[in-house]
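Please treat every number below as a calculation from the coordinates, not as lab data. Every value quoted in this text rests on a predicted model; they were computed, and no experiment measured them. A quick note on method: Cβ atoms are made from the backbone with ideal geometry, for glycine too, and the neighbour counts reach across all protein chains shown.
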Amino acid sequence: MRQTIVQKRRLCQFHANLSSPDSFNRWSNKSVVTEFILLGLSSSRELQLFLFFTFSVFYGAAVVGNILIILTVITDSRLHSPMYFLLSNLSFIDVCQATFATPKMIADFLSEHKTITFEGCMSQIFFLHVFGGSEMVLLVAMAYDRYIAICKPLHYMTIMNRRVCTVLVGVSWAIGILHSASHLVFTVDLPFCGPNKVDNFFCDLPLVIKLACLDTYVLEILVLTNSGLLSLICFLLLLISYTIILATVHRQASGGTSKALSTLSAHITVVVLFFGPLIFIYIWPFESFTIDKFISVFFTVFTPLLNPMIYTLRNKDVKEAMKKLRNQHVGSKEVF
């Protein structure tokens, strides 16, 4: 009992010392932790080898599929429209999202010591929220594009001109960068002086914050508010947009209704796949569950893989453009 009281006094004294600016600067400048240990998905050697080959295939397919969409949109003049311009930018974000952590995860499957430097950890946190925030806003921009195309078709080319599309993409990246920077500005200077094990295959912000030698309750609330507010606003805008669009499509009786529904179903599927894991994460933002790792894998690997499959399998124009691109490539090789 006496030992417990002494420990509590020492802990109180420790937090009191940290509260002073001088002491906080000393801890920031003399932080013991220079690297973090990533516990990964499994400690089984046999399972890690299986996961190495599996995720290598998935990662390669995600990158190739999204790059193929970008090249198809660029090379085929029939796809030089606002919708496909936004789609190609979504594919670019998916390539970035699949690349910020997955290659390291794949390499770590063959490594006994799964470590990442402090700078590398902060970089992963930064890029995760840049790409995640940018994709949220870009999905809203794509919903706005479909709203104009279906609800105001006569004014579509006037409203969705090249300048507006460029501004929408620029705004999505700007919001993503600001959103990520607001997280990183208070994370990078936290004092890390003890535990350095992150129970995931990349540096997840809530898990890293909990390792700091401070009472992080306020920081956790700020992270939840920041990310949750952006996600909620984007999700509500998407929900309102697609509700109006579906109601408009339902009232129409033209021959283009089936094509519009096919395009909308692809967009809505991507939105569900993107926001579904986020909703689960924000229900229990700072509690660690085994399923969190699988959600992280789904968000960083499977979503970038599924997006090009959804848009190509349900989009006749993209499939025809890809066949044309393939035939041109095969034909040029035969001539050579």
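For a test of the definition: using alpha carbon positions, the gyration tensor, and the 1.5 limit on a/c, classify the range 28-91 as rounded, prolate or oblate.
In terms of gyration-tensor shape, oblate.
How many nm separate the modelled label positions at residue 53 and residue 313, each set 7 Å beyond the Cα in the direction of the Cβ?
2.4 nm
Going through the range 86-161, which GluC sites (Glu not before Pro) have at most 11 other Cβ atoms within 10 Å and a DSSP loop state?
112
Sticking with the crude label model, points 7 Å out along Cα→Cβ, report the distance from residue 80 to residue 251 in nm, one decimal please.
Spacing of the two 7 Å Cα→Cβ label points: 3.5 nm.
Using the Cβ atoms and a cut-off under 15 Å, what net charge is assigned to the surroundings of residue 278, where Lys and Arg are +1 and Asp and Glu are -1?
So the surrounding residues net to -3.
Within the range 55-211, count lysine pairs with alpha carbon atoms under 27 angstrom apart where the residues are 8 or more positions apart or belong to different chains.
6
Take residue 181 and residue 117, extend 7 Å from each Cα along the Cα→Cβ direction, and tell me the distance between the two endpoints in nm.
2.3 nm
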